[in-house]
Amino acid sequence: MTPAGDASASPRGDRAGTTFPSAPDLLSAPFAGGARPGQLDIVPPLLARADGGRDLVVLVDGLGSELLEEHLALTPTLRRLRDEVRTVRTVAPSTTATAMTSLITGLAPLEHGVLGYLTRDPRSGRAVNQLTGAAGIDPAQWMPCPVPAERTRRRALQVAPAKHAGSLLTGSAFRGWEFFAQAERGDRTGAALAALRAGGDDALVHLHVDDVDHAGHKHGVDSDAWRDALAGADSLIGTLLRRAPTGTRVHVTADHGMVDTAPERTIDLARVPQVRRGLAMVAGEPRALVLFARRREDAPALVEATREAVGEHAVVLSREEMLGAGLLGPGTSPSIPPHLHGRVGDAIVLARGRWVVDDSRRHASSRRPETGVHGSLTSAESLVPLLTVEV
């Protein structure tokens with residue numbers, strides 16, 4: 001596999017250096033120094049195409065470039081095409097809700113407002129799941145910015161299980177797309193092919209394949225279940241390449257990668273009195289935990305207490321630092337769009353190595369910790385493959 005031409009694609013040239021000098025294992029912020037993650041420029045150009053022909057975008061959830069490279073023996077289809085696979089950068093946090101919204105819209109997180117798996121709703125004060133949504137959340141109001149699909153002349157079809165038709169992700173990121181329901185998980189290939197036919201000669205179809213991600217969260221990437229899921233995804237891609245209408249351009253990519261963790265590599269902020277004292281709530285996920293202070297004036301002390309608690313196992317950025325570094329979007333001005341007031345945290349904790357940082361008070365005692373995790377800025381989480389081939 002080869003890196004893409006933009007600077008944000010290179011696993012070597014995108015190292016931390018000046019942005020995170022204390023964390024050599026973390027990549028620089030996705031938008032640092034005017035960079036633009038390659039993931040933002042995959043789908044919008046397809047929506048703008050006017051030269052005809054079908055396009056099928058297959059998103060293999062959780063398949064980072066490094067994981068693919070390490071397991072090519074399990075992927076005969078992708079191994080055969082490895083010279084055509086490029087590496088591009090995803091956004092931060094490197095998580096499905098944020099990354100898929102950026103992939104589909106071409107917008108930075110600081111523009112579309114999906115700032116993690118859980119994002120704070122300033123009206124209710126709750127952390128809202130950005131995949132499913134919550135009662136009272138209107139997708140059009142949650143993400144009011146214009147999206148490319150509203151301007152395209154192409155028929156854009158989102159293939160997904162019927163239960164996703166009313167989700168927050170569908171209503172916001174896929175605004176302007178037609179929802180094409182698949183009957184069940186085993187029907188994905190048939191549903192994608194049917195959508196390509198239904199959409200006509202210039203159809204654009206998006207298919208989300210989530211088996212790899214689910215297996216990773218439950219069993220870890222170093223498991224037979226994960227390897228079986230990867231082999232299954234590769235087989236699905238192979239079937240689509242064989243059966244898609246002649247001339248279809250097939251694009252295979254991912255939203256993020258993944259690393260394995262363990263309970264002994266968890267830092268629980270609920271056990272740190274100095275942090276609890278100033279912490280009102282958390283959002284995000286354990287690899288990119290977003291902190292909200294009880295009062296704005298408490299934020300500096302909260303940042304310092306959290307830095308002391310996590311030590312070398314994570315990088316803690318204040319709101320001003322995360323915005324100025326280009327973590328959530330371009331520019332160095334610590335400004336927040338009006339519709340995002342109350343969503344951007346007072347700090348973010350970016351985990352290093354295989355560590356996670358969490359607040360156990362937000363989980364049920366019966367919850368089983370995830371083995372595979374993502375969200376931070378390691379190359380294993382931030383670099384994803386991109387394959388484009390015409391059948």
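Quick note: the coordinates plus some simple rules give every number you see, no bench work behind them. Keep in mind that this is a model prediction, so the values were computed, not measured. Cβ: placed from backbone, ideal geometry, glycine included. Neighbour counts: every protein chain shown.
Quick notes on this structure:
- A simple packing score, the average count of other Cβ atoms within 10 Å per residue, orders the peptides 151-161, 335-345 as 151-161, 335-345, with the highest score first.
- The alpha carbon centroids of the stretch 166-225 and the stretch 302-375 are separated by 29 Å.
- Hydrodynamic radius of the stretch 263-373 by the Kirkwood approach over all distinct alpha-carbon pairs: 14.4 Å.
- At 1.567 mPa s and 4 °C, Stokes diffusion of the chain via Kirkwood alpha-carbon radius, µm² per second: 62
- Distance (nanometres) between label positions extended 7 Å along Cα→Cβ at Arg294 and Asp224: 5.1
- Put simply, when 207-217, 363-373, 58-68 are sorted by average Cβ atoms within 10 angstrom per residue, most first, you get 58-68, 207-217, 363-373.
- Values of log10 I(q)/I(0), in the order q = 0.25 Å⁻¹, for the stretch 254-311 under a Debye, Cα-only, solvent-free model: -1.06
- Using θ = phi - 60° and Karplus 6.51 cos²θ - 1.76 cosθ + 1.60, couplings along the stretch 225-230 (whole Hz; Gly, Pro as x): 4, 5, 5, 5, 5, 5
- Cut-off under 5 Å, modelled amide H: who pairs with Ala280 long-range: Phe292, Ala293, Arg294
- Report summary: the helix-based calculation at 222 nm, which adds -39500 (n - 2.57) for every DSSP H run with n ≥ 4 and divides by the residues of the chain, gives -7000 deg cm²/dmol.
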